[in-house]
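Some notes on the structure that comes next.
The values are calculated or read from the model by the stated rules, or taken from the named source; none is laboratory data. Every value quoted in this text rests on a predicted model; they were computed, and no experiment measured them. Backbone-built Cβ (ideal geometry, glycine too); neighbour counts: all protein chains shown.
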Amino acid sequence: MEMKRAWWKESVVYQIYPRSFFDGNGDGIGDLQGIIGKLDYIKSLGVDVIWICPIYESPNDDNGYDISDYRSIMKEFGDMGDFKQLLEGIHQREMKLVMDLVVNHTSDEHPWFTESRSGIHNPKRDYYIWRHGENGKPPNNWQSFFGGDAWEYDEDSGEYYLHLFSKKQPDLNWENPDVRAEVYDIMRFWLEQGVDGFRMDVISLISKGEFADTPYEILNDTTQQVYASGPRIHEFLHEMNQEVIRHFDILTVGEGPGITLAEGLDYVKEDRNELGMIFHFDHMVIDHGNGGRFDPVLLDFIKFKKIFMEWDQIVKKGGWTSIFLGNHDFSRIVSRFGDDGEFWEKSAKALCMMLLSLRGTTYLYNGDEIGMTNVAYDSWEDYRDLVTLHAIHDAKNNGADTEVLKKAIDEQGRDNSRTPMQWTSGENGGFSEVEPWIKTNPNYHSINIQSQDDDPNSILNFYREMIKIRKTYKTLVYGEFEPIAIDHPEVFAYWRADQHDVFLSVINFSKKDVIFEADGRYDLSNAVIIMSNYNRTVLPEPGKFNLAPWEAMLISAN
Ligand code: TEU
Ligand code: CA
């Protein structure tokens, strides 16, 4: 079946965490002028789309995911003039801009919430979710993603409001049509400015079901079974599509914690007119234990591969998918899925090959293109993320072992991916002239853009080359994804094929030498290696591979 083509399916998206990207005015905080100054660098990667995490006015309890004004720019980042200049600079370079749309919740400092909280008869009361408690306890046993009860008591009215994230992020009441109309207005406002799409924060959570107790002990189960994909989710998304999305040619990607494989297609099936694609989290929570991200378990590599295989099925059934390994909520991909020690460079390139040779729209997170790694700070004082700070606070209060916790935080904490971009080997990694809001990873002396830019063998240039290849061969975008030996314990290998071309991707996910044999599905007698992280150019024996540690090759069969 010929797949429906679209620019956003063929795009490579580059995600920017604005606070940590580049400080344009010397206050230690990344900003819009900083991004503007780096647009030529971004263009040099070959990416098509930039997605910027929230840049709206916010008290920054959760770094911009708590919005107090949807129509203005956070003062630390600049103003509307800077925004216009940024958008123009992006469009001039023939790239597109995707904004983060955070509408499951607002900041508690948003005027809607100030009004809503001011009294039970206020017209905005019903913009949020207020309930009576029972016997001095919250309305139900729901827990917040960031720890503790998902309900906050309001002394004045004697009611509780729901917050699935921090208590400074009250959930909006999507049952109220006025709330939905406000959201669509906000979307139109930014589309009229000329933005090219939205990444929709936790959009899977907007429709709340019955407020009954969750029977599940584990938050991940509650997310899937209780919080996500509520009764009216598809009605709301379809309405949003009819009201706004379909009137513009835009990229839409819904962040979907808790969306299961069974429900995935409903969000993205083209004839349902909801979203273009979603981010599911099956592979991102794969090493989270029952206690969540700070209770890590060993990554099951075969399961990891199967997740990509299973989610590819929704593409076949008339939808589309996204491919990503990291973002601002998870640790660095080379530290987590690769090897940030001996095989740092090889494994970073291997992950790059995987990201750019799977079917789906590729999302790259800033810094991964130079192999930025996790950080482990010496002092508790240096951590910034509220999730981490809550965990530290709780552990200290409960007398838990903070050494064990520190190890988990250094493996899985969100600060890992939020350290300043490493531009040069100069002070603060060239991010800022002054002490940054979050400490740089001291390895900026060796890992930085400046040193990789002109080095033909660098991770950075491997990314540039892989992006170029993906843009050249549409087969890598749309072609069938046919995994080989999915139960192999070390190798991820797959064909990508259509009537034009056949490619074979072979990636050794281990530090061992591994022998691997491809199935004979396609003829490899004239095959050539088009990309190799060991600079290999000749295939020794068609279909049979002696792979070195973290070796990755992309082979063209015709
Ligand atoms: O993240 C939602 C979120 O917490 C989940 O994606 C979570 O990471 C996953 O279920 C694994 O546990 C979004 C934003 O990306 C994040 O930065 C915000 O803090 C959060 O929403 C609240 O807006
Ligand atoms: Ca700044």
Checked THR424, THR362 against criteria (out of contact with any Pro (no Cβ under 6 Å at 6 or more places or on another chain) and closer than 22 Å to PHE279 by Cβ); the one match is THR362
Is it the case that SER207 is modelled with pLDDT of 95 or more, assigned to a loop (DSSP other than H, G, I, E, B), on the phi > 0 side of the Ramachandran plot and buried (at least 17 other Cβ atoms within 10 Å of the Cβ)? no
Test PHE165 against the stated conditions and say whether it is in a helix (DSSP H, G or I), buried (at least 21 other Cβ atoms within 10 Å of the Cβ) and modelled with pLDDT of 95 or more. no
Quick one: is ASP501 free of Cβ contacts under 8 Å to residues at least 40 places away in the same chain and either surrounded by fewer than 19 Cβ atoms within 10 Å (Cβ to Cβ) or farther than 19 Å from TYR473 by Cα (or both)? no
Condition met for PRO456 (assigned to a loop (DSSP other than H, G, I, E, B) and touching a residue at least 40 places away in the same chain (Cβ under 8 Å)): no
LEU524 vs. criteria outside any strand (DSSP E or B), surrounded by 14 or more Cβ atoms within 10 Å (Cβ to Cβ) and at negative phi: yes
Go through (1) without any contact (Cβ under 8 Å) to a residue 60 or more places away in the chain; (2) within 25 Å of MET372 (Cα to Cα); (3) surrounded by 22 or more Cβ atoms within 10 Å (Cβ to Cβ) for HIS110 and report which single condition fails. (2)
Quick check: is even one residue across segment 141-152 surrounded by fewer than 22 Cβ atoms within 10 Å (Cβ to Cβ), free of Cβ contacts under 8 Å to residues at least 40 places away in the same chain, over 27 Å from PHE279 (Cα atoms) and not assigned by TED's automatic domain parsing to the domain that holds GLY258? yes
Any chance segment 397-417 includes a residue that's under 21 Å from ASN366 (Cα atoms), part of a helix (DSSP H, G or I) and hydroxyl-bearing (Ser, Thr, Tyr)? yes
Of everything in segment 6-58, what is outside any loop (DSSP other than H, G, I, E, B), touching a residue at least 60 places away in the same chain (Cβ under 8 Å) and within 16 Å of ligand 2 (Cβ to nearest atom)? Give them in sequence order. ILE16, ARG19, SER20
When you go through ARG332, ARG384, ARG336 one by one, which is the residue that is within 16 Å of ligand 1 (Cβ to nearest atom) and buried (at least 24 other Cβ atoms within 10 Å of the Cβ)? ARG332
Selected residue [more than 16 Å from ligand 2 (Cβ to nearest atom), at pLDDT 95 or above and part of a loop (DSSP other than H, G, I, E, B)] from GLU109, GLU115: GLU109
Based on this model, can you work out whether LYS4 counts as away from ligand 1 (no atom under 16 Å from the Cβ), touching a helix residue (DSSP H, G or I) at 6+ places or on another chain (Cβ under 9 Å) and within 19 Å of ARG188 (Cα to Cα)? no
Odd one out for PRO489 among (1) over 28 Å from the mean Cα position of the chain (by Cα); (2) surrounded by fewer than 17 Cβ atoms within 10 Å (Cβ to Cβ); (3) of a type outside the set (Phe, Trp, Tyr): (1)
Would you mind telling me which numbered condition in (1) within 16 Å of ligand 1 (Cβ to nearest atom); (2) among the charged types (D, E, K, R); (3) surrounded by fewer than 19 Cβ atoms within 10 Å (Cβ to Cβ) LYS84 fails? (1)
Among the residues of segment 51-81, write down those that are under 18 Å from ASP171 (Cβ atoms) and crowded, with 20+ Cβ neighbours inside 10 Å. PRO54, TYR56, SER58, ASP62, GLY64, TYR65, ASP66, ILE67, SER68, TYR70
Find the residue count for segment 470-518, including only residues that are within 12 Å of ILE555 (Cβ to Cβ) and out of contact with any Phe, Trp or Tyr (no Cβ under 9 Å at 6 or more places or on another chain). 0
Would you mind telling me which numbered condition in (1) within 12 Å of ligand 2 (Cβ to nearest atom); (2) within 19 Å of ILE438 (Cβ to Cβ); (3) out of contact with any strand residue (DSSP E or B) (no Cβ under 6 Å at 6 or more places or on another chain) MET74 fails? (3)
